[in-house]
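For reference, the structure is listed below as structure tokens.
Bear in mind these aren't lab numbers, they're just calculated from the coordinates by the rules spelled out. This structure is a prediction, so every number in the text was calculated from the model and none was measured. Neighbour counts run over all protein chains shown; Cβ positions are idealised from the backbone, glycine included.
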Amino acid sequence: MGGFLSFVRKETLHIVRDPRTMLVVLGIPVVQLLLFGFAISTEVNNVNVAVVAPHPTEAVRQCVARLEANPYFTFKGYVAGPEIDRTLRSGRADAVVVFADDFDRRTAVSAGGGAAAPAVQLVMDASNPNMAAAGAAYLQSVLLPGASGVPDASPGTRLLYNPQMKSAYNFVPGIMGLIFIVICAIMTSVSIVREKETGTMEVLLVSPVRPIRIVFAKMIPYFALSCLNLVSILLLARFVLDVPMSGSVAGIVCLSLLYLALALALGLFISTISDRQVTALVISAMLMLMPLIMLSGMVFPIENMPGVLRLLSCVVPARWYIDAIRKLMIEGLPFAAVLGDFLILSVMTVLLVVIALKKFNDKLE
């Protein structure tokens, strides 16, 4: 045990004395989290809106006043009907709200239960489909309930867990799944392959410590650094990005520690199939990155994928971690609700460790 702890201390000093490694392990995850949390957003804000109102009655002015008071819209003034196309093409407005000439009569007919032509028309610039769809939904929610003198008869909508539709609620669990597995796998695989590439692995193997203990001694410092990453990311998510910790913090930490162990085991496995640091980097960073992003549910819902890709996503560890961490952080479910995901990640971790150690022993022999 004394020799094992000496190897752990040696590897820890090696990491701490390398500023580039410390920057990659501790700096890049923070930058990525802040980038995804603030810069990359699917929310629609500051929609530029112009209004066509041939007869600006009191009811029309009230609708426009609600529009101006809404923080999601920027009112660009009134335009004439023939100027709608030019206004949208010039980029002055993203949407134009057109009030009918007989707006008051049509709303009165609707209020009386009669059939009437629409009193308001929304003309949207759909060159950006996501913005057009979200902007139209925002405008309808602001204008239509107040367009008649009776309570709105359309079905009510209630958004649970993320009523403000903040992108950070979606991206933070996803970026946690991406950061931990990529950073841990890269660092572990490169660390072991570097020893083989420089020829120092043979020097380590002739020491009294068993080879497997040498490998675990190299992994422990990276696990400790990953725990620091976990703490910093959770603090940033809670106090900077305002992502709630609705569920058990202990459950979040427990699940994340298992995921970190899985990522380190994956890095060990990559090191057994790589003889050069460049090869380990290509496998752990480039080849894994796209499947992690595309098949983990981080960006695209797994339910919308073809059946073959849904099956393929089952072998992506980030899928199960992201699904579980969203349930714990955002939905506030108890740990029992993610027990299935936890067991799947546990099985993956054990399999990766067994396969990696077996291949590592085969290479030594």
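Run the quick spin-label model on D18 and R210: label points 7 Å from Cα toward the beta carbon, then report their separation in nm to one decimal.
2.7 nm
What length, rounded to one decimal in nm, is gained on full extension from I220 through to V30, with 0.36 nm per residue of separation minus their alpha-carbon distance?
Extra length available between I220 and V30 comes to 66.3 nm.
Just to check I understand the Karplus step: with θ = phi - 60° and J = 6.51 cos²θ - 1.76 cosθ + 1.60, what whole-Hz values come out for segment 236-241, glycine and proline as x?
Whole-Hz 3J(HN,Hα) from phi for segment 236-241: 5, 4, 7, 9, 9, 9.
Give the calculated FRET efficiency between A108 and Q140 to the nearest 0.05, with a Förster radius of 22 Å applied to their Cβ-Cβ distance.
So the FRET efficiency works out to roughly 0.65.
Given the peptides 255-262, 134-141, 174-181, 53-60, arrange them by the average over their residues of other C-beta atoms within 10 Å, most packed first.
Put in order of decreasing packing, that is 174-181, 255-262, 134-141, 53-60.
If the chain between R310 and R89 were fully stretched, how many nm would it gain, using 0.36 nm times the residue separation less the Cα-Cα distance?
Here the answer is 75.5 nm.
Check the straight Cα-Cα distances from K196 and name the lysines below 29 Å, setting aside those fewer than 8 residues away within the same chain.
The reachable lysines, counting only those whose Cα sits under 29 Å from K196, are K10, K218, K358, K359, K363.
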